[in-house]
Amino acid sequence: MDNIVSGLQKITKLESPDQYVEWHRQITDILSTHNYGRLFNALKEPPLRLQSDTKREYANVLEKWEEKQDNACNCVRATISFNAREAVKAIDGKPFNRLHIVLETIEEHCKPTRSANYQELDRNYYKLSLENCKGVMNFASRLQEANNRLLGINSTLGYNTPQSVNKFLIGLGNDFSAFRTAFYQTHQLIPEMDKEGKTKTPGVS
């Protein structure tokens with residue numbers, strides 16, 4: 001349990017819709033790597049009693065399953081904001097003690113779907129540059145993360161490879177002007193086609 005607690009502390013707390021995609025990836029990854037993955041599908045409903053099970057044996061199986069569900073739900077609650085926790089707070093008739101129900105409810109309340117969220121994410125993408133990142137690799141990583149958040153809203157909203165590469169090169173700033181010029185001279189951002197419409201020189205990938 002200590003290992004998963006340590007992992008949960010590294011997860012970005014879900015406090016706003018623009019964090020949902022990355023949060024969901026992180027929480028499902030850590031739950032899966034700590035043997036909670038089957039609660040998403042095969043074990044999301046109570047296990048059936050086998051013919052060979054005694055009443056006590058089945059009660060033990062059911063108790064272990066309930067305990068695992070409770071632990072998984074508590075792991076999720078530890079990584080979300082107060083408002084999100086209120087959405088999955090146990091009340092009469094809705095105990096919220098099933099992992100898939102907790103995750104579905106959080107998705108309903110927090111997953112970005114409206115145009116206002118798209119505008120914010122798109123604005124954040126355009127504002128990114130090397131100047132406000134911790135180095136070139138961090139800049140590249142944050143660009144990819146920002147693009148993934150756009151794709152999380154809708155698969156048509158992300159930027160294609162030429163656009164992403166161009167954004168990265170421009171965002172490097174004036175200190176990388178020589179590198180940028182050399183890159184443009186030696187690479188094709190988009191494929192070059194011959195007269196028959198076939199690819200003559202492939203674009204960046």
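Could you run through the range 89-106 and say how many residues are modelled with pLDDT of 90 or more and either over 13 Å from W23 (Cα atoms) or touching a Pro at 6+ places or on another chain (Cβ under 9 Å) (or both)? Summing the residues that are modelled with pLDDT of 90 or more and either over 13 Å from W23 (Cα atoms) or touching a Pro at 6+ places or on another chain (Cβ under 9 Å) (or both) in the range 89-106 gives 7. The condition (being farther than 25 Å from V76 by Cα, crowded, with 17+ Cβ neighbours inside 10 Å and either modelled with pLDDT under 90 or of a type in the set (G, A, S) (or both)) is satisfied by just one residue among G203, G158: G158. Check R85 against each of (1) over 22 Å from the mean Cα position of the chain (by Cα); (2) part of a helix (DSSP H, G or I); (3) surrounded by 13 or more Cβ atoms within 10 Å (Cβ to Cβ) and name the one condition it does not meet. Condition not satisfied by R85: (1). The set of residues in the range 88-132 being of a type in the set (A, V, I, L, M, F, W, C), surrounded by 11 or more Cβ atoms within 10 Å (Cβ to Cβ) and on the phi < 0 side of the Ramachandran plot consists of V88, L99, I101, V102, L103, I106, C110, L121, L128, L130. Can we say S141 is free of Cβ contacts under 8 Å to residues at least 40 places away in the same chain, in the same structural domain as H187 (by TED's automatic domain parsing) and closer than 26 Å to P191 by Cβ? So S141 does not fit the description; no. Condition check: among the hydroxyl-bearing types (S, T, Y), farther than 25 Å from R149 by Cα, touching a Lys or Arg at 6+ places or on another chain (Cβ under 9 Å) and assigned to a helix (DSSP H, G or I). Does Y58 satisfy that? Spelling it out, Y58 is indeed among the hydroxyl-bearing types (S, T, Y), farther than 25 Å from R149 by Cα, touching a Lys or Arg at 6+ places or on another chain (Cβ under 9 Å) and assigned to a helix (DSSP H, G or I).
Each row is one residue, and each column tells you yes or no for (1) among the acidic types (D, E); (2) part of a loop (DSSP other than H, G, I, E, B); (3) farther than 23 Å from L151 by Cβ.
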residue	(1), (2), (3)
E22	yes, no, no
L31	no, no, no
L39	no, no, yes
K44	no, yes, yes
K64	no, no, yes
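The values are calculated or read from the model by the stated rules, or taken from the named source; none is laboratory data. Predicted model, so just to flag it, every value in this text is computed and none were measured. For neighbour counting, all protein chains shown are included, and Cβ atoms are generated from backbone atoms with ideal geometry for every residue, glycine included.
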